[in-house]
Each structure stands twice: as structure tokens, then as C-alpha cells.
Amino acid sequence: MQIYKVGGAVRDRLLGKPVTDIDWVVVGATTEEMLAKGFRPVGADFPVFLHPKSGEEYALARTERKSGRGYGGFTFHASPEVTLEEDLIRRDLTINAMAEDDQQNLTDPYHGQRDLEERILRHVSPAFAEDPLRVLRVARFAARYAELGFKVAPETLELMRQLSESGELEALTAERSWKEIFRALMEDQPQVFIQVLRDCGALKVLMPEVDALFGVPQPEAHHPEIDSGIHTLSVLEQSALHKQPLTVRWACLLHDLGKGLTPEEEWPRHIAHEHKGLKLIKAVNERFKAPKDCQELALLVGQYHTHGHRALELKASTLLELLQSFDVYRRPQRFEEFIVACEMDARGRKGLEQRSYPQADYLRGAANVARGVAVQPLLEKGFKGPELGEALKRERLKALKVYKESAAS
Ligand code: ATP
Ligand code: MG
């Protein structure tokens, strides 16, 4: 049997990038031979094995054929006769379809190295269209390598467009899509992921609520970039520039969905978009089964981001309601994520990226003040149950009034 390094490991070595996980392909072997060498099978009927020591993935060279909709609709054929070239042709991009032996001799039948040099993301063969997940993968690679100047080849974008129009994207499971989405959001330029999905018509299918923001104007005085979709991309870009966690990036992407629902007569104003957007945020959350903390933050940021921006003008009672809604006493981290999401929103405006955001520290201070109100003296006064809760609220409100006045002076 011959063993080759394939996929990302080869690509990233040639790019001079750090290689994290290595995938291997094995040519000329049978399942029985792999088992005899101590490899552990990954699934009962899939020709992929884990190395007994390194735990890295070793796949038998295989060919694939589409036999139905979605990912379940694949039949594959692995046997010792399948050649390396046959295995590589079923891969998504030419830059991912190179193999290397232990002497670093490159097998590159589909010119991945040339495309690496020319910074092109190009599909290997028309079989690309057999797995709609590849649309998301290409968009993710575009985001990851945008910094290096990579672009999607026009003919690949065209195939992605056909896939998006064919209805195949709908056959993707939430789990497979989310895995690509969250990895893409964690790249340095996640906005490129959304932009590429939009360019090929996939955004309209996957997240029509986000797609609908493009072409919707906002008041120029607050939003020099005007377009709500452009604004959303900028907010996402800022969240990555500031190394925010996934929860914040997800919330940034979804915070303004309500603006897509505003009747044209009301443009460029978006009255109550925070509230109107909630059902859309919920729909996107559920469509991809986003993790609970992502779902929760997206809804809270959607509902309250304008409060964040107006923090310094809020009445003490409104400020208290905000803090209560976030349960800042037990969930300090979530409120901090809300604050930075608001800041990213403010910075995601053309020409205002560097402007300071005093609301952030003001909100942090308010949360500390509310948290600082001690329960003990109230217990000592004999408050219990719901009365204790009310008394605590009154004390917090008092403290916030003092805080607000001192901040104003
Ligand atoms: P990463 O650095 O994100 O791990 P990778 O290229 O190694 O990038 P993997 O998901 O680990 O990506 O897959 C390994 C290889 O398997 C890819 O380089 C590609 O050749 C192939 N591959 C993975 N998923 C698909 C797919 N859906 N369609 C076609 N080829 C795929
Ligand atoms: Mg990999």
C-alpha cells in the first residue's frame, strides 16, 4: 500500500501556513489490511480509519457517485484498484486535490499548485455539483484566504449559482451547514463568506433574512454606508477584527434583520426594527440549530442594541430593566458580550470605525453598580420572598440614579 498526505495539509504547507490536522489517503489497500495493521474504523461502512497512535484520519482511496438528494445520496466505491488520481478528482477544489508522499513528491493532476500561485479557488470537476455543502466550503475558504488575495474562479461561482438555484442547498442538514457557518464566522474575514454566498445566490436560499438587507437604505446621518446589508457585513468584519467570540459574531450577523421587513414607504427609517426582527432571528437560529448561547445572544442583541447605543440617555428605570432582562447578576459574561456586540454595531459604519464608544464602559459601570447592591441589609430589615425582590429593585434603582447623575457631571 502507498500512503499520501492529502487535502489541507498539503495546501497549507505550500502556502507556508501552519498545518493543524493531517488527512491521509491510502492507495492499494483493503479494509482487512488496515484492520490487521491496528487501524480503527471510523464507521461501520465508511472506508475511513484512525491511526492506532496518532489518531489521524486515513481514508482508503475511493470514488464517489451521486445517487440521490443530499449527502445521504452518495454511493462510494473503495478498492485497492482505485488510483490516487481517481480519489483526488472527487475533491472540491484544485488546491485541496493535491497529494504528497513521504519524500514530499507532489501529485497534482488538477493543477492545484498553479491555482495556489494564482490565488484561485477552482472546482476540480463537474462532480463538484454533487454535494451542495461545497458551496459553503468554497465560501469559507474564500473568507480564510481573502487576506492572501484568493478569489473564486468565475466558472466555479457559476456552478455554485446553479447549485443554489437547483434547490439542492435545502437538502443540507442543519448540522453540516452549521459546521461550515461557524468555522467561516471564526475566520479573520467572515464578511467574505457572506459576500460570496450572496454572489452565488446561496445567501437567498440559506439566510433570506440576511439577503433581504441588501438594497435597504438607512438614514445617512447615522449610517454613512447607507445600505443595511453593507452595514451588516461591516459589523461582522469589526467583530473579527476585534477577535470576538462566536456568540458575538453570530449576534452581529443577525442584529438588524428587522430592517428587511420595513415597508418601502418608511425607508430610510426603521421604526421598531429591533422588535420586528426577533421572529426572523429565531427562524435563522432554529434553521441551523445554532448553539444555545449563540441563539440567546442573537435575540438579546437584536432586541436591545438600540438601548445599548442610547445607554447614556436611558432613564435609570430603563437602565435597570435592561440589566434585569440580561440577568446581569447571574450572567455577567452574557451582558459583556451584548456590550461588545453593540460596540461592533457602532463601529461597523463607514468612516466611524475608530470612533470611541463610551456607552460600553457606562454600561459596564451600571452593571457593577446594580450588582453591588447588597442583599444582607434588606434581609436584616426583615424583607422576604417577593417583597425582598421589590426592595432589591428599589435599592438598585436608587444606586443607578446616583450613578447616572455622577456620570453626567
Ligand atoms: P481545514 O484546514 O479546514 O481542515 P481541509 O481542506 O483539510 O481544510 P477537511 O474538511 O479537513 O478540509 O477535508 C480534507 C479534504 O477532504 C479536503 O481538502 C478536500 O480535499 C476533501 N473534502 C472534504 N470535504 C469535502 C466535500 N464536501 N467535498 C469534496 N471534497 C471534500
Ligand atoms: Mg483538514
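Key figures for this structure:
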quantity: Cα-Cα P(r), the chain, percent of pairs per 20 Å interval; calculated: 23, 45, 25, 7, 0
quantity: Sequence-distant residues sharing a close amide H with Ala290 (under 5 Å, placed H); calculated: none
quantity: Helical contribution to [θ] at 222 nm, DSSP H n ≥ 4, -39,500 (n - 2.57), averaged over the chain, rounded to 500; calculated: -15000 deg cm²/dmol
quantity: Residue-span extension gain [Lys243 to Glu170] - 0.36 nm each, minus C-alpha spacing; calculated: 23.2 nm
quantity: Crossing angle, helix 228-241 versus the chain [Cα axis fit, 0-90 degrees, rounded to tens]; calculated: 80 degrees
quantity: Long-range HN-HN contacts of Val42 with modeled amide H, under 5 Å; calculated: Val48, Phe49, Leu50
quantity: Rg/Rh ratio calculated on Cα atoms of the stretch 264-398 (Kirkwood radius); calculated: 1.04
quantity: Choice from Val373, Val235, Val26 showing the highest fluctuation, given a GNM over the chain with Cα pairs closer than 10 Å; calculated: Val373
quantity: Length released on extending from Asp199 to His51, taking residue separation times 0.36 nm less the Cα-Cα span; calculated: 49.3 nm
quantity: Sequence-separation-based contact order of the stretch 254-360, relative, with Cα cut under 8 Å and 6+ spacing, percent; calculated: 24 percent
quantity: Fluctuation leader among Cys252, Cys294, Cys342 - the chain, Gaussian network, Cα springs under 10 angstrom; calculated: Cys294
quantity: Cα lying deepest toward the dipole's positive end in the chain, options Met344, Ala184, Val205, charges on Cβ; calculated: Met344
quantity: Helix axis angle, 190-199 relative to the chain longest principal axis, alpha carbon, degrees; calculated: 70 degrees
quantity: Amide N of the stretch 14-29 lying under 16 Å from the label point, which is placed 7 angstrom from the Cα of Gln2 along Cα→Cβ; calculated: 24-29
quantity: Translational D in µm²/s for the stretch 151-214 (Stokes-Einstein at 20 °C, 1.002 mPa s, Kirkwood Rh from C-alpha pairs); calculated: 175 µm²/s
quantity: Label point distance in nm, Glu387-Gln324, each placed 7 Å from Cα along Cα→Cβ; calculated: 1.9 nm
quantity: Hz values of 3J(HN,Hα) by residue in the stretch 259-273 - Karplus curve (6.51, -1.76, 1.60), Gly and Pro given as x; calculated: 5, x, 9, 5, x, 3, 4, 8, 3, x, 7, 9, 5, 6, 4
quantity: Interchain or long-range residues, amide H under 5 Å from Lys151's placed H; calculated: Ile120, Leu121
quantity: The chain - percent relative contact order, Cα under 8 Å, separation 6 or more; calculated: 9 percent
quantity: Estimated inter-spin distance, Phe76 and Lys315, nm [label 7 Å along Cα→Cβ]; calculated: 6.3 nm
quantity: Percentage, to the nearest whole number, of Cα pairs in the stretch 224-285 over 20 Å apart; calculated: 29 percent
quantity: In the stretch 45-147, GluC sites (Glu not before Pro) in a DSSP loop with at most 11 other beta-carbon atoms within 10 Å; calculated: Glu81
quantity: Note, ³J(HN,Hα) from phi for the stretch 8-20, Karplus 6.51, -1.76, 1.60, rounded to Hz, x at Gly and Pro; calculated: x, 5, 5, 4, 6, 5, 5, 7, x, 9, x, 9, 9
quantity: Listed residues Trp250, Val369, Gly260: farthest to the positive end of the dipole of the chain (Cβ charges); calculated: Val369
quantity: The stretch 272-409: Lys pairs at Cα distance under 26 angstrom, eight or more positions apart or on different chains; calculated: 19
quantity: Cα centroid separation - the stretch 120-170 against the stretch 277-317, whole Å; calculated: 31 Å
quantity: Distance between modelled label sites at Arg355 and Lys37, nm, 7 Å Cα→Cβ extension; calculated: 6.1 nm
quantity: All Cα pairs of the stretch 77-169, percent lying beyond 24 Å; calculated: 24 percent
quantity: Kirkwood hydrodynamic radius over Cα pairs of the stretch 1-65, then Stokes diffusion coefficient at 37 °C and 0.692 mPa s, in µm²/s; calculated: 263 µm²/s
quantity: Nearest 10 degrees, 0 to 90: helix 154-166 Cα axis against the chain principal axis; calculated: 70 degrees
quantity: Furthest towards positive pole of dipole, Pro291, Tyr304, Leu379, structure part the chain, Cβ charges; calculated: Leu379
quantity: Taking the stretch 1-40 and dividing mean pair separation by its residue count, relative contact order in percent (alpha carbons under 8 Å, at least six apart); calculated: 45 percent
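We did not get these values from a lab; they are worked out from the coordinates using the rules stated. Since this is a predicted model, take the numbers as computed values, not measurements. Ideal geometry is used to build each Cβ from the backbone, glycine not excepted, and the neighbour counts take in all protein chains shown.
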